Structure formats: C-alpha cells, structure tokens
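Asks: Dropping the structure in here first, questions after.
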Amino acid sequence: MIRFDQEICGDPDLALTREWLETNGLGGFASSTIAGLNTRRYHGLLVAATKPPVGRACLLSKLEETLIVDGRRYDLSANQYRGVIHPQGYEYQTGFRLDPFPIFTYEVEEIIIEKSVLMVYGENTTVIRYEFRRHSKTAASLAANCSFELRPLIAFRDYHSLIHERTVLNPHTQIEDKLVMLKPCEDLPALYLAHEADEIDGADLWYHNFEYRRERARGFDFTEDLFNPFVLTFDLGRSPDVNVIASTERREVGRACEYAKAELKRRQKIVERAPCNDELVAALVAAADQYIVAREGEKTVIAGYHWFSDWGRDTMIALPGLTLVTGRFAVARSILTEFARYVDCGMLPNRFPDAGETPEYNTVDASLWFFEAVRQLLTYTEDYEFVRAHLYDVLRDIIEWHVRGTRYGIRVCADGLLNAGAVGVQVTWMDAKVGEWVVTPRRGKPVEIQALWYNALKVMEELAAKFTDEANRHLYGEMAETARVSFNELFWNEEAGCLYDVIDDETRDASIRPNQIFAASLSHSMLSREKSRRVVEAVERELLTPYGLRTLSPHDPQYRPRYEGDSLSRDGAYHQGTVWAWLLGPFITAYIKAHDRKPEARERARGWLALFHTHLSEAGLGHISEIFDGDAPHTPNGCIAQAWSVAEVLRAAVEDVKEKKGKN
C-alpha cells in the first residue's frame, strides 16, 4: 500500500507531482494526480484504446464533485486555471492511498467521503465509487438534506491532442433509465455513463481554459476547454453510496461492487505469484501486469504510460522481467509469436504507431534483442518444441537478412561485425531526433550492437545443435568466432580501460556511455573476465547513479545534467547524460558476474535497488519512471511508468540479487 496523509494531499506542490495510474489490459487507462487535478493532456478518467492497444482517446476527462449539506456547497474537485486553482477540493482531502486502486478520502462537516477509481480488465470501462458516512464519533446517519452532484467533463479527442470550444462537438445525448449515452464524434465510440442518480439535468456548458502544468513545462500547448453535458444529483439520505460506470459499452451500475471485487481478486492472484517474499519485488510484480496488453488476439507490451505504444526493442528487453520472472510463460510465448508475425526483411518493428498504421522498422537492435528474449524463455521453460515450431525459422531468416544486408545499411562486414546506420536516421536505442537533427547518430558499428550480434549467433549455434541442424551450427559458430576476434582487436580502449562506443571506419568514439555494459552483461560475452571487470569498473565510476546509469559521462563536454525545457532542449539531453533506470538491470547483472556472484556483490546490488522503495511513492505511484536527471537530486522525468524500467529492476532483483526464478 502507498499512502499519503493530509499534509501532502493538501499541498499542491507535493500532491501534483504524484500521479496514479489504472490500466485495462487493452492499452487504455485512467490517470491523474492524488489531488484529482489534471496536470497533463493524458490525464482522464477514461482514456479508451479504440484499436487495442492503440487508437487511444480521452473520452471522460473528469467528474466535478460537489457535496451539498443544508444548502451549503462543498466542492471536492480541483482544477488549474490561469493563475489560480479552483475549486480547491484538496483542502477537504484527508488522505490518498493506492490499495490497490486509487482511493481518495475527504471530510466535510463530519461527513467522511471515500472515493475509489478502478478499471475493468479487458474493457474500456472505469468504475468510480463514492461512500459517504458520518464521522465515528456520531452514530447519526446521513440526513435527507445531504445531496451530491457530479458534472461530467468530456473531451472526446485523441489523447495527444487538446480541444477548445470552437472544436465541433455534436451533442448527441440519449438518456435512458440509469444510463446516458454520449456520441459527440462520429469517429470515436460512444461513452455510456451508468448511474443511480435521482435527478439528471441538462447543462450544455463549456468550462474554459483548464491549464496543464506538466504540458507547459514540456513546452507544449497546455490549455483546454471541456464540455459538461448534464448534471447528476444523488440524494444521500436515500443511499449513502454513489456509483458511476464510464464505458464504451452498455454497463449496469449495479455491477460496480462486483467489478471491484473481481478486479481485486485478479490482482491479488498476480502478486501471489511473486517469486520471492520481498516488498519491492511484490510491488514490481503488481506493476508489471499493467504493461501487458492485447494485440489482435495475442499479447504485447506498452512501452510506457502515458504516451508510448508497443515498441519492439522495449518489448524484447522488458519481456524477461514482465513475464518470465513473474511466471507468466504463456504470455511470453504469445508476445514472441505476435512479434514474429511482423518480422520483415529480417527486422522486428521498432514501433506500432498509435493510429494503427503500418509498423515502423527503423531499428537495428529490436531484432537482436528478440534472440535474447528467446534464450531467456528457454532458460525458464526449456520449451524447445515451441521455439522449433514457431520461432526457429524466423530467427534463421533474421540472421540471413543481416548477412546479405537489410534496411538502413544494416549488414555484416568482412570482419564479422555488424554495421548499421544511414544519414538522418537513428537506429540504436539512443534514438532522439529533432527535425533533421539526429542527436546521437552512432552510425557504423555501435558497441552494444556487436555484443547483441555475437549473443544472437551463440544462441543460434545452441539452437542449431539442439535441432540437429549441423550445417548451421558450424556456420553460426564460425561467424561468432570471427566477430569475437575482430571485436577484441577493434573495440578495446586500453587508455580508458573500457570499450569504444562506436567504430566507423577509422574513427573511434571514446565517449564513456552505458552501451558497453551489454558486452559484459549478456549471457554470451566476447570479453575476457578481466576486461569485463574493467568495463564494469569504468561504468560504475563514470555513469552509476542511485536510479540507473547516465547516458554520458559527466566529464564529457557534451554532458547535459538536466532533462528540462522545450522539445529541443529535452531531446538534446535525452541520451547526453540523462539517467535511464532500465540500465541498472544489465549493470547489476554484469557487476555480479564480474565478482563471481559472491554474496558481498549481491549485497551491494541490493543497496543499489533500495532507493526504488522510495521512488515508488514519488512520481508514478507503484511504478518506476522512464528517466532521471543526470545530476543530483536526479529528479524523475519522462513517462511516469516505463515497462523496461520496472522489468529490468525486477529481473535484477530476482535473478541476480535473490538468485531465484519465476513460478510456473
């Protein structure tokens, strides 16, 4: 449980930095701050995935809430307008807890209000529940002169966009018994609001000039108007419980309690499968579930909330932590099967666009991480028959395409190493681009690509041997050995005691970056034990922070200590010093390997993970942020909930520190 008291909830400076997230297994979500004040365009009570897991649209932004006692009105909501927060419902807020749903508590005139928000798994459905009761020191029930008003504020827009009153909304409203249907846009699904209100009154009002402070800080448009189609009024003397269900389907409000119990049971089962009795592990196992979503009958991974879809690279890196460590082996198989369907010219998709267009293939490493994900699956399950039947031919095809050459100059060179990159294109994970400016082009032979290529060849050598494919076993073994010899001749930087980041013809980039850690962390390494140890030492000395690895040494003149400002400034810092939490996973793996898996090495790694206990309560509640500032205090930034951040911290905590595996 994550809990905040009145001191934090009542202070906007503290409350508005803490965001809750509910997801539905389809890519849709509900999210806001613990004060209920929306600070992002992505905040809303129902952001539906209309083409799961993409096509996301903010349908219901929020509910304005007012308690009325003897004619006195108490607004529980909070909104940021120009220069002012109004109303200031957080002044009545006594607490917030994540248990496991977001639960808000308020107190007004000795009336205690508890509000909970949850999403129904597998549906674009959000359940909002309110319970009203008298303070414990009085036994009196709620009087007939107590009522409660809810004013839905709707957006009906793509979740990346903002709307204003001039935007065309056709207020097509259909009112039935305990159900209202809204269909203001032809290209978006209807919104159904199931309720038990005693009165429903038309409003047809626009609320103007909401401001989203996080959008303003990111240099984006940050003002919006929202539409209020009607007002729901509940007589609390008749019933002290108020339930509302917002959905793209017709739902019965009487099922609100049933939905809550079913979802609570589902989540409890997930946590029960945690591979060890550890508070951080249990929290991350619960978080891991929120990234696994549906795609065309199979499973995929949302790279991060709020704005990422499913990315090939992120999915393959996150797969072991999200599915294998958590014992969800069928999900792992489904994800691998789904991505295998989309392999084209030997490449996995880099990204599935949000509008559902053709996948993008501008990445060199997603395909190589695919081999590592398969290797990890076999480590946990030994399901060679699945790999033989569904993946082996795809894996062989990927190798063949890399040998003869595929998109963006990706090809095996005479020295056995893998060249990648083209002018104006970013194909490694350091992929920031602003207009035509590729911030870290890294064309040529990036160090982690060579480590992944060698690892892929060794995985294929082992599979070929298992499947008595002798010709290919010899081929892959010879290719791996050629790559190993060339790598050690070309990439070792004796002066720095570590590896070059990129080699392009005669040019050697000596920037100290975290990419070299994969040459030491992957199961199949080209480095000697001594060189692996020196790489780990260099990375620890230059790049390690409490929340992950910097993307560039602070001693480099190109180092950017803060991720802030507009898009140009932020993207210029994204891989130029900014800390990435997911990199702590491979670093811990490499560190413990380099120290012969000794208990003291695992104990030190345990200390590196300890700060994440606190971080789970600092930004995206229960999750790990995408990035952090390079300099102290390492402020969290980017997505509030990132799949590979959660997955790699979880994997390292279980596999490397605890030395355990997920339950089957």
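The values are calculated or read from the model by the stated rules, or taken from the named source; none is laboratory data. All figures in this text were calculated on a predicted structure; none of them were measured in a lab. As a convention, Cβ positions derive from the backbone with ideal geometry for all residues, glycine included, and neighbour counts pool all protein chains shown. The accessibility values were calculated without ligands, DNA or RNA, using every heavy atom of the protein model including side chains. Shrake-Rupley method; radii C 1.70, N 1.55, O 1.52, S 1.80 Å.
Asks: If we count chymotrypsin sites (Phe, Trp or Tyr not before Pro) as exposed when they sit in a DSSP loop and have at most 16 other beta carbons within 10 Å, what is the longest stretch of the chain that avoids them all?
Replies: Answer - 468-664.
Asks: Let me ask another. Give a quick list of GluC sites (Glu not before Pro) in the stretch 536-592 that DSSP marks as loop, anything other than H, G, I, E or B, with at most 15 other Cβ atoms within 10 Å.
Replies: Filter output for the stretch 536-592: 564.
Asks: Hey, what do the phi angles of the stretch 175-183 turn into as Karplus ³J(HN,Hα) couplings, whole Hz, using 6.51/-1.76/1.60 and θ = phi - 60°, x for Gly and Pro?
Replies: Result, ordered by residue: 9, 10, 5, 6, 8, 10, 10, 10, 9 Hz.
Asks: Note down the nm distance, to one decimal, between modelled labels 7 Å out along Cα→Cβ at residue 388 and at residue 238.
Replies: Distance between label points: 6.7 nm.
Asks: Still on this structure: Specify which residue in the list 519, 582, 485 is farthest towards the positive end of the charge dipole of the stretch 455-612, using unit charges on the beta carbon of Lys, Arg (+1) and Asp, Glu (-1), about the Cα centre.
Replies: 582
Asks: Can you tell me the dipole magnitude for the chain around its Cα centre, using point charges on the Cβ only (Lys, Arg +1; Asp, Glu -1), in Debye to the nearest 20?
Replies: Here the size comes out at about 1180 debye.
Asks: Which FRET efficiency, nearest 0.05, do residue 161 and residue 471 yield, Cβ-Cβ r, R0 60 Å?
Replies: 0.65
Asks: Quick check: from the Cα gyration tensor, does the stretch 522-602 come out rounded (a/c under 1.5), prolate or oblate? Before the final figure, lay out each step's value.
Replies: Numbers: a/c = 2.67, a/b = 2.30, b/c = 1.16.
Note, shape of the stretch 522-602 comes out prolate.
Asks: Let me check the size of the stretch 34-130 from its C-alpha atoms; what are the radius of gyration and Dmax in Å?
Replies: 14.9, 47
Asks: For a quick check of your reading of the filter: which GluC sites (Glu not before Pro) in the stretch 482-511 sit in a DSSP loop and have no more than 12 other Cβ atoms within 10 Å?
Replies: Numbers: sites: 489, 494, 495, 506; in loops: 494, 495, 506.
When the GluC sites (Glu not before Pro) of the stretch 482-511 are filtered for loop state and at most 12 Cβ neighbours within 10 Å, 494, 495, 506 remain.
Asks: Under 15 Å from the 7 Å Cα→Cβ point of residue 345, by amide nitrogen: which residues of the stretch 418-452?
Replies: Under cut-off, by backbone N: 420-423, 425-427.
Asks: Going by alpha carbons, how many degrees (0 to 90, nearest 10) lie between the helix axis of 584-594 and the longest principal axis of the chain?
Replies: That helix lies at roughly 40 degrees to the long axis.
Asks: Also, quick follow-up: Rounded, prolate or oblate for the stretch 150-201? Axes are the square roots of the Cα gyration tensor eigenvalues, ordered a ≥ b ≥ c, and the cut-off for rounded is a/c under 1.5.
Replies: Prolate is the answer for the stretch 150-201, as a/c is 1.5 or above and a/b outweighs b/c.
Asks: Angle, helix 256-272 long axis vs. longest principal axis of the chain, Cα atoms, 0 to 90°, nearest 10?
Replies: Rounded to the nearest ten degrees, it is 30.
Asks: Return the equivalent ellipsoid semi-axes of the stretch 489-569 as a descending list in whole Å, where each equals the square root of 5 times an eigenvalue of the C-alpha gyration tensor.
Replies: In descending order the semi-axes read 24, 16, 11 Å.
Asks: Same structure, new question: When the convex hull of the Cα atoms of the stretch 513-664 is projected onto a plane and the area is averaged over all directions, what value comes out in nm²?
Replies: For the stretch 513-664, averaging the hull's shadow over all directions gives 9.6 nm².
Asks: Same structure again: Enter the accessible area per residue of the chain (Å², integer; probe 1.4 Å; all protein chains in place).
Replies: I get 36 Å² per residue for the chain.
Asks: Another question, then. For the chain, place one equal point scatterer on every Cα, skip the solvent, and apply the Debye formula. What is log10 of I(q)/I(0) at q = 0.05, 0.08 Å⁻¹?
Replies: -0.25, -0.61
Asks: Ordered by residue, what ³J(HN,Hα) values in Hz, to whole numbers, does the stretch 125-134 give under the Karplus form 6.51 cos²θ - 1.76 cosθ + 1.60, where θ = phi - 60° and Gly and Pro are x?
Replies: Karplus-based 3J(HN,Hα) across the stretch 125-134 equals 9, 10, 10, 10, 10, 10, 10, 10, 8, 6 Hz.
Asks: Further question: Expressed as a whole number of Å, what is the distance separating the alpha-carbon centroids of the stretch 145-191 and the stretch 427-495?
Replies: 52 Å
Asks: Still on this structure, I have one more. Show the residues, 5+ positions off or on another chain, whose built amide H is closer than 5 Å to the amide H of residue 405.
Replies: Here the answer is 412, since their amide H atoms fall under 5 Å of that of residue 405.
Asks: Normalised by the residues of the stretch 55-133, what does the relative contact order come to in percent, with Cα pairs under 8 Å and at least six apart?
Replies: Here the relative contact order equals 15 percent.
Asks: A further question on this structure: Mind ranking 316, 479 by accessible surface for me, highest first, 1.4 Å probe?
Replies: Details: 316 5, 479 35 Å².
Listed by decreasing accessible area, they come as 479, 316.
Asks: At 7 Å along the Cα-to-beta-carbon direction for both residue 660 and residue 216, put a label point, then send me their distance in nm to one decimal.
Replies: 4.7 nm
Asks: Take every Cα pair under 8 Å in the stretch 403-532 that's 6+ residues apart, average their separations, divide by the length, and report that relative contact order as a whole percent.
Replies: Numbers: 194 pairs, mean separation 28.8, N = 130.
That works out to 22 percent.
Asks: While we're here: Mind giving me the nanometre distance, one decimal, between the label points for residue 529 and residue 255, set 7 Å out from Cα along Cα→Cβ?
Replies: 6.1 nm
Asks: In whole percent, what relative contact order does the chain give with Cα contacts below 8 Å and a gap of six or more residues?
Replies: Value for the chain: 12 percent.
Asks: Related question: How far is helix 329-341 tilted, in degrees, relative to the longest principal axis of the Cα atoms in the chain, given as a value from 0 to 90 rounded to the nearest 10?
Replies: 70 degrees
Asks: Next question. Leaving out ligands, DNA and RNA, what percent of the accessible area of the stretch 451-588 is carbon and sulfur, probe 1.4 Å?
Replies: The C+S portion of the solvent-accessible surface of the stretch 451-588 is 45 percent.
Asks: While we're looking at this one, here's another question. Using a probe of 1.4 angstrom, how much of the accessible area of the stretch 317-412 is carbon and sulfur, in percent?
Replies: About 46 percent, which is the carbon plus sulfur part of the accessible surface.
Asks: Pairwise over distinct Cα atoms, reciprocal of the mean inverse distance: report the Kirkwood radius of the stretch 344-439 in Å, one decimal place.
Replies: Across the stretch 344-439, the inverse of the average 1/r is 14.9 Å.
Asks: Of 348, 270, 330, which is farthest towards the positive pole of the stretch 260-392's charge dipole, taken about the Cα centre with +1 and -1 on the beta-carbons of Lys, Arg and Asp, Glu respectively?
Replies: 270
Asks: Within the stretch 490-592, which trypsin sites (Lys or Arg not before Pro) sit in a loop by DSSP and count at most 15 neighbouring Cβ atoms inside 10 Å?
Replies: On the way: sites: 508, 529, 531, 533, 534, 541, 550, 562, 570; in loops: 562.
Answer by residue number: 562.
Asks: Hey, which lysines would be in cross-link range of residue 660, C-alpha to C-alpha under 29 Å, not counting anything within fewer than 8 residues on its own chain?
Replies: Straight-line reach from residue 660, under 29 Å: 265, 269, 299, 458, 466, 531, 593, 598.
Asks: Once you have the Cα-Cα distance between residue 357 and residue 72, take 0.36 nm times their residue separation minus that, and quote the gain in nm to one decimal.
Replies: 97.4 nm
Asks: Just to verify a number: FRET efficiency for residue 223 and residue 400, C-beta to C-beta distance, R0 = 60 Å, to 0.05?
Replies: Efficiency for this residue pair is about 0.70.
Asks: Next up: Work out how much length residue 423 to residue 272 would gain on full extension: take 0.36 nm times their residue separation and subtract the Cα-Cα distance, in nm to one decimal.
Replies: Length difference between fully extended and current span is 49.4 nm.
Asks: What is the stretch 234-364 by shape, rounded, prolate or oblate, if you read a ≥ b ≥ c off the alpha carbon gyration tensor as root eigenvalues and call it rounded for a/c under 1.5, prolate for a/b larger than b/c, and oblate otherwise?
Replies: Verdict is oblate for the stretch 234-364.
Asks: Which residues in the stretch 212-234 place their backbone N less than 15 Å from a point set 7 Å from the Cα of residue 13 along the Cα-to-Cβ direction?
Replies: Under 15 Å, as judged by backbone N against the label point of residue 13, lies no residue of the stretch 212-234.
Asks: Nearest 500 deg cm²/dmol is fine: what mean residue ellipticity at 222 nm does the chain get from its DSSP H runs of n ≥ 4 alone, each adding -39,500 (n - 2.57), divided by its residue count? Could the numbers behind the result be given before it?
Replies: On the way: 18 runs with 203 residues, N = 664.
It lands at -9500 deg cm²/dmol.
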